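I have placed the structure first, in the form of structure tokens, so that the comments after it can refer back to it.
The values are calculated or read from the model by the stated rules, or taken from the named source; none is laboratory data. Keep in mind the model is a prediction, meaning the values are calculated, not measured. When we count neighbours, we look across all protein chains shown, and the Cβ atoms used for this are built from the backbone with ideal geometry, even at glycine.
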Amino acid sequence: MAEQHEKALVPQIRFTGFTDPWEQRKLGELVEIERGGSPRPIEQYITDDPCGLNWVKIGDAPELGRYITKTAEKIKPEGLSKTRQVYPGDLVLSNSMSFGRPYIMAIKGCVHDGWLLIRDAQKHFDPIFLCHMLGAPQMLNQYRMFAAGSTVNNLNKELVGNAIVSLPSKNEQHEIGIALDRLDSLITLHQRKYDKLCVLKKSMLDKMFPKGGSLYPEIRFAGFTDPWEQRKLGELVEIERGGSPRPIEQYITDDPCGLNWVKIGDAPELGRYITKTAEKIKPEGLSKTRQVYPGDLVLSNSMSFGRPYIMAIKGCVHDGWLLIRDAQKHFDPIFLCHMLGAPQMLNQYRMFAAGSTVNNLNKELVGNAIVSLPSKNEQHEIGIALDRLDSLITLHQRKLELLRNIKKSMLDKMFV
């Protein structure tokens, strides 16, 4: 690609061989724009007849991809006069609070009034290019600007029709559409891999730990046959709530020798280890909080309760955390971390927390949770397996973030 930029009439980056400036026009001059419609009362038009008309609602848009290929419901043909018919190749644009998300119709149907129909009857556009262009930052910014002046944050045909679009040649449109679709395919591929791995992890957590009072998990590594021991967690580990010196503003310090101040926001999005904190506190605040060391575990105790992490640094924990310290070394630390977040534990946390006035955990509730304890060797094997799976999940999540950032940058720089 050759980089160029000229008075906003060419994109910042474009494919080699294309040098002509793009034409700027109002979208409404180039395509037909109509709002969908809903026959009322809709219940009287919904039908189980397989020959009914596909009834395209916002919920029929796919999570992945750009094509609407099926609908959850159909309507009777007599509802057609009160809605808007669409055909394969038409585009639809969501006009409600999640406005500005475009899709290409792959089926014939009728669209709900949560959609705007975009029909390129004069064939000014390559359809894939048009779909990506309608969702590009330059268009979304115009949608938001136009919608901000209305009483509700919705789009309509006049607002979208007034949006200024930049139009390259059909050949350049085609190249841009292909490039962005290839990137979408990569994003979809990694999203599916990520989703499958998350489902696999959930299944493994469910099956690799005993449940329902059993002393044996559903699946386990070869060579391990002994029953697991059941104990209250509080009999095996020390559990203490974190603390916050007050007023906290008087204890926050820029001194690099201050104590790491571990808040919920310091937990990483990816991974299980807390390696840094955004803030530090003065040493005199230590008596009013709870000190933690590398190898200690912390468990979030608030509304997002039950998420465990392993400390990789020394510090002090905020009262949004419970400290879990395995002083007697009953557990492999990685096994313990995964076990604390397993469905069997989360179900106990929820059951215990449901009886309190706020949906929080405390040391007594967590201490009363029943845990199942295999040998240290089996713990180690389970911990390794689940950590490897976590690493794969993290890898695909990072690839997804990278690809989404590339897509965002391309949409920003490949359109005027």
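Does GLY295 satisfy the criteria of being loosely packed, with under 14 Cβ neighbours inside 10 Å, in contact with a helix residue (DSSP H, G or I) (Cβ under 8 Å, 6 or more places away or on another chain) and not β-branched (Val, Ile, Thr)? The answer is yes for GLY295. Test LYS407 against the criterion of being in a loop (DSSP other than H, G, I, E, B) and either touching a Leu at 6+ places or on another chain (Cβ under 6 Å) or of a type in the set (Lys, Arg) (or both), and give yes or no. So LYS407 fails the test. Taking (1) assigned by TED's automatic domain parsing to the domain that holds GLU29; (2) surrounded by fewer than 17 Cβ atoms within 10 Å (Cβ to Cβ) in turn, ARG84 satisfies each apart from (2).
Every listed requirement among (1) touching a residue at least 40 places away in the same chain (Cβ under 8 Å); (2) within 28 Å of the chain's Cα centre (by Cα); (3) under 17 Å from LEU236 (Cβ atoms) is met by HIS396 save one, (3).
Looking at ASP412, ASP319, which one is touching a residue at least 24 places away in the same chain (Cβ under 8 Å), outside any helix (DSSP H, G or I) and acidic (Asp, Glu)? I'd like the intermediate steps shown before the answer.
Numbers: ASP412 fails: outside any helix (DSSP H, G or I).
Result: ASP319 is the single residue among ASP412, ASP319 that is touching a residue at least 24 places away in the same chain (Cβ under 8 Å), outside any helix (DSSP H, G or I) and acidic (Asp, Glu).
In region 16-43, the residues that are small (Gly, Ala, Ser) form Cβ pairs under 8 Å with partners that are surrounded by fewer than 19 Cβ atoms within 10 Å (Cβ to Cβ) and assigned to a loop (DSSP other than H, G, I, E, B), at six or more places apart or across chains, as follows: GLY28/ASN162; GLY36/ASP113; GLY37/ASP113; SER38/ASP113. Would you be able to say whether some residue in region 60-72 is over 30 Å from SER185 (Cβ atoms), touching a strand residue (DSSP E or B) at 6+ places or on another chain (Cβ under 9 Å) and of a type outside the set (Phe, Trp, Tyr)? No, region 60-72 contains no residue that is over 30 Å from SER185 (Cβ atoms), touching a strand residue (DSSP E or B) at 6+ places or on another chain (Cβ under 9 Å) and of a type outside the set (Phe, Trp, Tyr). Restricting attention to region 100-114, the residues that are touching a residue at least 40 places away in the same chain (Cβ under 8 Å) and either among the polar types (S, T, N, Q) or touching a helix residue (DSSP H, G or I) at 6+ places or on another chain (Cβ under 6 Å) (or both) add up to 2. Taken together, MET303, MET311 contain a single residue that is modelled with pLDDT of 95 or more and either within 26 Å of ILE393 (Cα to Cα) or over 24 Å from the mean Cα position of the chain (by Cα) (or both), which is MET311. The lone criterion from (1) assigned by TED's automatic domain parsing to the domain that holds GLN348; (2) under 20 Å from PRO333 (Cα atoms); (3) buried (at least 18 other Cβ atoms within 10 Å of the Cβ) left unmet by PRO245 is number (2). VAL416 fulfils the conditions (1) more than 30 Å from ASN141 (Cα to Cα); (2) surrounded by 18 or more Cβ atoms within 10 Å (Cβ to Cβ) except for a single criterion, (1).
For the subset of region 222-239 comprising residues that are in a loop (DSSP other than H, G, I, E, B) and surrounded by fewer than 14 Cβ atoms within 10 Å (Cβ to Cβ), which member is nearest to the chain's Cα centre (by Cα)?
Within region 222-239, the subset in a loop (DSSP other than H, G, I, E, B) is 222-228, 236-237.
Subset that is surrounded by fewer than 14 Cβ atoms within 10 Å (Cβ to Cβ): 222-223, 225-227.
Numbers: ALA222: 36, GLY223: 39, THR225: 39, ASP226: 40, PRO227: 38 Å.
Checked region 222-239; the qualifying residue nearest to the chain's Cα centre (by Cα) is ALA222.
Counting only residues that are outside any helix (DSSP H, G or I) and either farther than 14 Å from SER375 by Cα or in contact (Cβ under 8 Å) with a residue 40 or more places away in the chain (or both), region 204-216 holds 8 of them.
Regarding ALA179, is this residue in the same structural domain as LYS413 (by TED's automatic domain parsing) and either modelled with pLDDT of 95 or more or surrounded by 13 or more Cβ atoms within 10 Å (Cβ to Cβ) (or both)?
Working: in the same structural domain as LYS413 (by TED's automatic domain parsing): yes; either modelled with pLDDT of 95 or more or surrounded by 13 or more Cβ atoms within 10 Å (Cβ to Cβ) (or both): yes.
Here the answer is yes, as ALA179 does meet what is asked.
Considering only region 365-374, I want to know if a residue exists there that is within 26 Å of the chain's Cα centre (by Cα), assigned by TED's automatic domain parsing to the domain that holds ALA312 and in a loop (DSSP other than H, G, I, E, B). Scanning region 365-374 turns up no residue that is within 26 Å of the chain's Cα centre (by Cα), assigned by TED's automatic domain parsing to the domain that holds ALA312 and in a loop (DSSP other than H, G, I, E, B).
Residue count for region 241-272 satisfying the condition of being under 30 Å from ARG388 (Cα atoms) and assigned to a strand (DSSP E or B): 3.
Here are GLU43, GLU63, GLU78: which of them is of a type outside the set (Ser, Thr, Tyr) and either assigned to a loop (DSSP other than H, G, I, E, B) or within 22 Å of LEU159 (Cα to Cα) (or both)? Steps first, please.
Details: GLU43 fails: either assigned to a loop (DSSP other than H, G, I, E, B) or within 22 Å of LEU159 (Cα to Cα) (or both); GLU78 fails: either assigned to a loop (DSSP other than H, G, I, E, B) or within 22 Å of LEU159 (Cα to Cα) (or both).
Unique residue meeting the criteria: GLU63.
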